[in-house]
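To start, the structure under review is shown below, and the notes come after it.
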Amino acid sequence: LLTTNFKLNTLVEQRVKFLAVEINQNIYPAISDKYLDFPVATAKVVNLTGEKIEVKPVILISKLNTDKFQSPVVTLQPYDTTDVKYYTTIPESYNAVNPELTYASFYLMSLTDEYDDEFQKPLLVNGINAWDGIVNNLRYFIKRDLDFSVRYSKEILSQHKNQLDTVINATSDFYKAKIIFNALIKNLTYTSDPRASAEYVQFPKQTIELKGGDCDDLSVCYSSLLESIGIETAIIDYKSNNNLRHVNIIFNTKLSPRQAGLVTENDSKYFIRKNESGEDEIWIPIETTSLSDFETAWSIAVSYTHLTLPTSDLV
């Protein structure tokens with residue numbers, strides 16, 4: 001009897017409880033850093049005590065995480081109900097190709113390492129090449145293979161060292177972008193995305209190894225090659241009323257408007273954007289799917305971009 005009473009008296013009283021959990025978004029593993037800023041789920045929880053308490057939210061996603069991830073501590077007033085946000089991380093080693101329907105385990109912890117409450121809910125983890133359709137998130141695909149991209153770009157440029165040594169220093173980025181594009185497109189073909197049910201984007205290394213891709217793949221690949229050697233790029237997203245979309249890229253020559261004549265006499269072939277210091281710089285659009293040559297890709301992008309830029313997004 002004495003032993004039984006002792007065990008009963010040491011049970012920890014539940015201090016906080018789940019009322020509901022809402023999944024905010026499915027998981028796109030390639031967009032890894034996003035889930036540190038935007039919560040995967042939001043739980044509504046209640047403080048069951050008459051005291052102010054601090055609650056540690058913890059999440060574990062099956063088939064994705066090997067360790068539990070703690071989100072920021074939340075303070076609850078006596079008998080108060082509040083929203084608790086759950087964030088997570090994506091392991092760099094995750095490389096599953098196919099989507100998996102799994103589940104997330106949510107925990108609430110207050111006084112001790114024991115959990116006050118637990119909740120499970122289904123969650124879809126997409127394949128590694130899945131894209132959520134938000135153009136700004138293509139930057140994760142661009143950055144994915146930067147080590148590969150820098151080697152690839154430098155190999156191309158090393159073969160044109162004599163040519164680059166003869167150009168005006170201010171136009172160096174322009175001619176590097178031109179040389180890389182002309183070398184890249186020689187072995188590429190345009191292929192539409194076969195996965196009509198979901199957005200699928202190849203990483204730069206995959207595009208080069210597969211020798212082709214659609215507008216997303218080709219734009220990501222070319223952008224990655226430029227970014228890897230310090231040439232700033234942005235993605236232009238074109239949207240139409242029938243939900244068709246297209247992307248291409250625009251890159252920074254670092255030339256001022258006064259220097260534009262060094263690369264073109266046609267002021268309709270470039271755009272002016274301000275840098276972080278507020279100075280105007282020349283940006284040039286490129287239609288990567290043209291797969292012809294730099295000058296043609298530039299001309300096509302100019303005509304298309306000037307026609308649709310008011311309804312397009314520059315990211």
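Observations, loosely collected:
- Rounded accessible area of GLU13 (nearest 10 Å², 1.4 Å probe): 140
- The residues packed around THR89, meaning those with a beta-carbon under 10 Å from its beta-carbon, carry a net charge of -3 if Lys and Arg are +1 and Asp and Glu are -1.
- Placing unit charges on each Cβ (+1 for Lys and Arg, -1 for Asp and Glu) gives region 79-160 a dipole about its Cα centre, and among TYR86, ILE156, TRP131 the Cα reaching farthest toward its positive end belongs to ILE156.
- In a simple Cβ point-charge model (Lys, Arg +1; Asp, Glu -1; nothing else charged), the chain has a dipole of about 280 debye relative to its Cα centre.
- With DNA, RNA and ligands ignored, accessible area of GLU209 (1.4 Å probe; Å², nearest 10): 120
- Length available on full extension from TYR190 to LYS44: 0.36 nm per residue minus the Cα-Cα distance, which gives 47.8 nm.
- Each of GLN70 and ILE23 was given a label point 7 Å from its Cα along the Cα-to-Cβ line. The distance between the two points is 2.7 nm.
- When you count the other C-beta atoms within 10 angstrom of each residue and take the mean per peptide, 129-138, 263-272 line up highest first as 129-138, 263-272.
- Sorting ARG258, ARG144 by solvent-accessible area of protein heavy atoms yields ARG258, ARG144, largest first, with a 1.4 Å probe.
- Rolling a 1.4 Å probe across the protein heavy atoms gives the chain an accessible surface of 53 Å² per residue.
- Net charge, PRO72 excluded, C-beta distance under 14 Å - Lys, Arg +1, Asp, Glu -1: -1
- Taking every protein chain into account, the 1.4 Å probe leaves HIS160 with about 60 Å² of accessible area, to the nearest ten.
- Cut-off 14 Å between beta-carbons: net charge of the residues surrounding ARG151, Lys and Arg +1, Asp and Glu -1: -3
- Placing pseudo-labels 7 Å out from each Cα toward the beta carbon at VAL150 and LYS121 gives an inter-label distance of 4.1 nm.
The values are calculated or read from the model by the stated rules, or taken from the named source; none is laboratory data. Being a predicted model, the structure only gives us computed values, none of them experimental. Ideal geometry is used to build each Cβ from the backbone, glycine not excepted, and the neighbour counts take in all protein chains shown. Side chains are part of the model used for accessible areas, which takes the heavy atoms of the whole protein and leaves out ligands, DNA and RNA. Shrake-Rupley method; radii C 1.70, N 1.55, O 1.52, S 1.80 Å.
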